[in-house]
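Have a look at the structure below before the remarks.
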Amino acid sequence: MKRREFIAGALAFGAAPLMAAGPARGQADPFEDERFRTDYHVHLDNSSLEPVLELSRERHVKFGIVEHAGTKENIYPKVLSNDAELKAYLAMLAGKPVYKGVQAEWTDWMGCFSKEALAGLDYVITDAMTMPDKAGKRMKLWEATEDLGDAQAFMDRYVDWHVEIMTLEPIDIFVNLSWLPAPFADDYEALWTESRMTRIIDGLVKHGIAMEISSGFELPKLPLLHLAREAGLKFAFGTNGRYPKMGLLDYSMRLAKELALTREDMFTLDDGYVKAVERRSW
Ligand SMILES: [Zn+2]
């Protein structure tokens with residue numbers, strides 16, 4: 001799909017076409033602008049907000065804070081599970097120079113909150129790293145001790161799982177994308193075939209979801225990013241950082257330069273962006 005068709009598709013979803021004037025491809029560095037020097041994937045798991053804000057100032061990177069959100073069956077240092085908890089979190093961030101996000105967990109998180117409470121968020125991210133095991137039970141792939149079976153069969157289920165998440169959930173940015181569990185990580189190039197990458201990208205395009213370029217995991221690799229750029233996807237930078245690792249965007253910036261990304265390739269909450277929780281139904 002060409003950029004023009006993507007823009008038409010984005011319009012059909014009610015998203016703004018994001019045609020703001022910027023330097024032409026290859027000209028001035030678009031990442032001078034703080035709006036594009038943003039780490040949308042910052043966790044407060046091991047620190048309070050204040051020291052994190054100090055890092056944001058020091059590193060000249062704007063932060064998007066993402067608390068985990070979903071049912072209490074999801075085990076994290078903190079999980080927002082109802083409107084009262086979400087509103088307390090939003091109140092804690094109110095007036096601070098950060099974006100207010102959540103990292104959604106499992107596929108039933110939307111049911112924890114009213115639409116009105118969700119509308120208080122700037123954006124929602126998710127990943128596919130918690131996946132059903134063969135019995136359908138949720139499995140954190142990065143902690144999995146069970147046998148994940150044959151790599152090809154796993155990959156097919158994993159790609160299906162990504163597509164299911166995109167289809168069901170109002171997500172703005174898909175993060176940690178193309179990450180593989182330890183037994184398969186060394187075969188990244190072979191396992192992420194073009195057809196698998198294309199299925200993921202097609203899903204993101206269809207639902208108007210941006211792709212994170214993760215400095216935390218140094219993923220996705222260039223071939224996937226190239227295909228995503230050709231498809232007209234928007235990109236967002238992230239670290240999955242816990243204190244003090246947030247805002248270290250070296251990989252994201254380097255790959256953005258290699259891909260010659262411009263402002264119009266970047267996810268932004270400005271310019272009339274319509275949030276997924278406002279344009280999607282579930
Ligand atoms: Zn995260």
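The values are calculated or read from the model by the stated rules, or taken from the named source; none is laboratory data. What you see is a predicted model; the values in this text were computed from it and never measured. Glycine also receives a Cβ, built like all others from the backbone with ideal geometry; neighbour counts cover every protein chain displayed. For the accessible areas, the whole protein counts, side chains as well, though only heavy atoms, and no ligand, DNA or RNA atoms are used. Shrake-Rupley method; radii C 1.70, N 1.55, O 1.52, S 1.80 Å.
Three principal axis extents of region 114-185 based on alpha-carbon atoms, in descending order, are 43, 23, 21 Å. The three principal axes of the Cα atoms in region 72-174 give end-to-end lengths of 49, 25, 24 Å, sorted in falling order. Among rounded, prolate and oblate, which fits the chain when a ≥ b ≥ c are the square roots of the eigenvalues of its C-alpha gyration tensor, a/c under 1.5 means rounded, and a/b larger than b/c means prolate? Because its axes are fairly even, with a/c under 1.5, the chain counts as rounded.
Taking amide H positions as modeled 1.01 Å from N, with prolines and chain starts lacking one, the residues under 5 Å from A210 and 5 or more places away or on another chain are I173, F174. Among beta bridges from DSSP that stay inside the chain, the antiparallel ones total about 15%. With contacts taken as Cα pairs under 8 Å at a separation of at least 6 residues, the chain carries a relative contact order of 27 percent. Counting only the Cα atoms, region 240-279 fills a convex hull of 107 Å³ per residue. Region 61-75 and region 119-183 have Cα centres lying 16 Å from one another.
Our analysis of region 30-128 gives Rg over Rh at 0.98, with the two radii drawn from alpha carbon positions and Rh computed by the Kirkwood formula. Among the protein heavy atoms of the chain, carbon and sulfur supply 53% of the accessible surface, probe 1.4 Å, non-protein parts ignored. When the Cα atoms of region 146-282 are aligned to their principal axes, the ranges along those axes come out at 45, 35, 32 Å in descending order. Take the Cα of S114, step 7 Å toward its Cβ, do the same at R59, and the gap between the two points is 3.6 nm. Counted residue by residue at 0.36 nm each, then reduced by the alpha carbon distance between them, the extension gain from S48 to E73 reaches 6.6 nm. Full extension of the chain between R242 and H226 gives 2.9 nm of extra length, using 0.36 nm per residue less the Cα-Cα distance.
Using just the helices of the chain, give the 222 nm mean residue ellipticity in deg cm²/dmol: DSSP H runs with n ≥ 4 each add -39,500 (n - 2.57), and the total is spread over all residues, rounded to 500. Show your work: numbers first, answer last.
Working: 11 runs with 97 residues, N = 282.
Helices in the chain give a 222 nm mean residue ellipticity of -9500 deg cm²/dmol.
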